[in-house]
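Notes to accompany the following structure.
The values are calculated or read from the model by the stated rules, or taken from the named source; none is laboratory data. Worth saying up front: this structure is predicted, and the values here are computed from it rather than measured. Cβ: placed from backbone, ideal geometry, glycine included. Neighbour counts: every protein chain shown. Heavy atoms of the whole protein, side chains included, go into the accessibility calculation; ligands, DNA and RNA do not. Shrake-Rupley method; radii C 1.70, N 1.55, O 1.52, S 1.80 Å.
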Amino acid sequence: MRALIQRVSRAKVEVDERVTGEIGQGLLILVCAMQGDTEAEAEKLAARITKLRIFKDGAGKMNRSVTDIGGACLVVSQFTLAADTARGNRPGFSSAAPPEEGNHLYLHFSNFLRELGLPVANGEFGADMAVSLVNDGPVTIWMDTADRA
């Protein structure tokens, strides 16, 4: 699985002008299931993200996790993280998991974050979403559960 993680002071996702998820301080996590990904990989990625020390401590150093600060997560599915831009001008997305599998892993990832004790809000899988955020820092981190060339 792939994830683009942004440290935010607030974030919101809307579908047809209806808010589907909103958080204050925490992480906006754009996530993409790739072909061959498993529930175990979704859990591993979620666990790593909860421990990622990218929030400031009292000395101003990035030394605290989203769990440490009592933050929340807004998880948004984004198959375009699977973009293959190696050739031509139009990205290919064939390495993304098929929609049914991708949705299952997206929901499993979100539910596992909840099991780890984090408040989680969500976008809507497959919908045309409007995501707004205030990127705190800015801090943006890319994570992938596999080495992909």
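Round to the nearest 10 and give me the degree value, 0 to 90, for the angle of helix 99-115's Cα axis relative to the longest principal axis of the chain.
20
Hey, what's the chain come to in accessible area per residue, 1.4 Å probe, Å²?
Normalised by residue count, the accessible surface of the chain is 54 Å².
Sort 30-38, 81-89 by the packing proxy (mean of other Cβ within 10 Å over each peptide's residues), most packed first. Let's see the in-between values first.
Working: 30-38: 19.8, 81-89: 11.9.
Ranked from most to least packed, the peptides come out as 30-38, 81-89.
Can you send over the carbon and sulfur percentage of the accessible area for the chain, probe radius 1.4 Å, protein chains only? Mind showing how you got there, number by number?
Details: 3820 of 8090 Å².
Ligands and nucleic acids excluded, carbon and sulfur give 47 percent.
So which residue, out of R90, R53, R64, gets the largest mean-square fluctuation from a GNM of the chain using Cα contacts under 10 Å as springs?
R90
Angle between the Cα long axis of helix 39-51 and the longest principal axis of the chain, 0 to 90 degrees, nearest 10?
The two axes meet at around 30 degrees.
Once you sort the root eigenvalues of the Cα gyration tensor of segment 61-149 as a ≥ b ≥ c, which label holds: rounded (a/c under 1.5), prolate (a/b larger than b/c) or oblate (the other case)?
Details: a/c = 1.85, a/b = 1.45, b/c = 1.27.
Judged from the Cα gyration tensor, segment 61-149 comes out prolate (a/c at least 1.5, a/b above b/c).
Convex hull over the Cα atoms of segment 105-144, averaged projected area in nm²? The partial results should precede the final answer.
Values: hull surface 16.3 nm².
So the mean shadow area of the Cα hull is 4.1 nm².
With charges only on Cβ, +1 for K and R and -1 for D and E, what is the dipole size of the chain about its Cα centre, in debye, rounded to 20?
Dipole size: approximately 680 debye.
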